[in-house]
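The values are calculated or read from the model by the stated rules, or taken from the named source; none is laboratory data. A quick note: this is a predicted structure, and the numbers were derived from the prediction, not measured. All Cβ positions, glycine included, derive from the backbone under ideal geometry; neighbour counts span all protein chains shown.
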Amino acid sequence: MMLFSKDPEKWQLGAFVKIGYFESDSELLYQDEIRGSLLELADKIVELIYLKYMRAKITYVGMQRKERYFVPEAALRESLLNALCHTQYNYGVPIQISVYEDRLYIANCGCLPESWTVESLMRKHASKPYNPNIAYVFYLAGFIESWGRGIEKICEACKKDDLPIPEFTVNPGDIMIKFTAPEDRVVHAPGKVTERVTERVTERVTERVTEKENEVLVLLQVDPGYTYADMAEKLSVSRKTISARVKSLKEKGLIRRIGSDTNGYWEIKNS
């Protein structure tokens, strides 16, 4: 039921994943809850994190544009699969992913095998999944191996991209992995999200939009999940006014809607 049901929460409370974007440890800007069968969750989460929650550092090699995230996709996917296989679902607490400007945490209720430590994880070790039936189906599906190489693969992916090795923390009731951005990524002070978003949007669109349209772009940079009603409330205007501004931005090729009106989000295109 956990692996294949479209709604595992009918049988197990907390069988979903929460993602939140934080400006600081005490200030949550926006969040999502990802639901579905365990076999579907990893792909859904990876796609959402890269499209909505993390910003890539953009560089160019000749004419080719390259986007570099501070968490490699292989490392993120392996970390998620590890969490899905090892979470103690009986606690009823979802896996939690916290994203910041310069770091990302994945935490799940769980414990290490008896007598294991963080040092044991970082060395070669046998595969001892907390949920062997889930792990076995993931193995049959080709998602994971069965040799206890998950942590090694995460670290190898980070080394390959010249990124810091993630940190692992084992608490009495949960296990957490922390990915940190490299030193060449700018870290901004908390409390400046709106100001720096405004600067980025203004620099990029220059004379292509009006001041009122730019207000919409600023909001969508802060939270791409905003609906028409949300933007109307934030800007103290009517929904009809927001609809007109969004329509103009879409015609100029600056934004597009990804997904449905209720569960989708806005993508701001590069000018």
Of all residues in the stretch 164-186 being part of a loop (DSSP other than H, G, I, E, B) and at pLDDT 90 or above, the one that is nearest to the chain's Cα centre (by Cα):
181
Which numbered condition trips up residue 134, out of (1) assigned to a loop (DSSP other than H, G, I, E, B); (2) surrounded by 19 or more Cβ atoms within 10 Å (Cβ to Cβ); (3) β-branched (Val, Ile, Thr)?
(1)
Listed by range, strands (runs of 3 or more DSSP E) wholly within the stretch 47-121 having at least 1 residues that are closer than 12 Å to residue 19 by Cβ and modelled with pLDDT of 80 or more are 95-99, 103-109
Output yes when any residue across the stretch 11-24 is crowded, with 17+ Cβ neighbours inside 10 Å, closer than 17 Å to residue 154 by Cβ and modelled with pLDDT of 90 or more, and no when none is.
no
What single numbered condition from (1) closer than 30 Å to residue 250 by Cα; (2) at pLDDT below 65 fails to hold for residue 190?
(1)
Which of the residues belonging to the stretch 21-48 are within 21 Å of residue 86 (Cα to Cα) and either touching a residue at least 12 places away in the same chain (Cβ under 8 Å) or not charged (D, E, K, R) (or both)?
33, 34, 35, 36, 37, 38, 39, 41, 42, 45, 46
Which numbered condition residue 86 misses (of (1) buried (at least 20 other Cβ atoms within 10 Å of the Cβ); (2) under 14 Å from the mean Cα position of the chain (by Cα))
(2)
How many of the residues in the stretch 1-34 are aromatic (Phe, Trp, Tyr) and out of contact with any strand residue (DSSP E or B) (no Cβ under 8 Å at 6 or more places or on another chain)?
2
Given (1) within 26 Å of residue 21 (Cα to Cα); (2) among the hydroxyl-bearing types (Ser, Thr, Tyr); (3) modelled with pLDDT under 75, identify the lone condition not met by residue 226.
(3)
Is it true that some residue in the stretch 144-154 is at pLDDT 90 or above and either closer than 30 Å to residue 13 by Cβ or surrounded by fewer than 15 Cβ atoms within 10 Å (Cβ to Cβ) (or both)?
yes
Can you work out which of the residues in the stretch 122-131 that are touching a residue at least 24 places away in the same chain (Cβ under 8 Å) and assigned to a loop (DSSP other than H, G, I, E, B) is farthest from the chain's Cα centre (by Cα)?
124
Considering each of 232, 244 in turn, give the residue that is under 28 Å from residue 99 (Cα atoms), among the aliphatic types (A, V, I, L, M) and either outside the structural domain of residue 20 (by TED's automatic domain parsing) or at pLDDT 85 or above (or both).
232
Here is a list of conditions, (1) of a type in the set (Gly, Ala, Ser); (2) modelled with pLDDT of 90 or more; (3) within 14 Å of residue 214 (Cα to Cα), and residue 238 meets all of them except one; can you say which number that is?
(3)
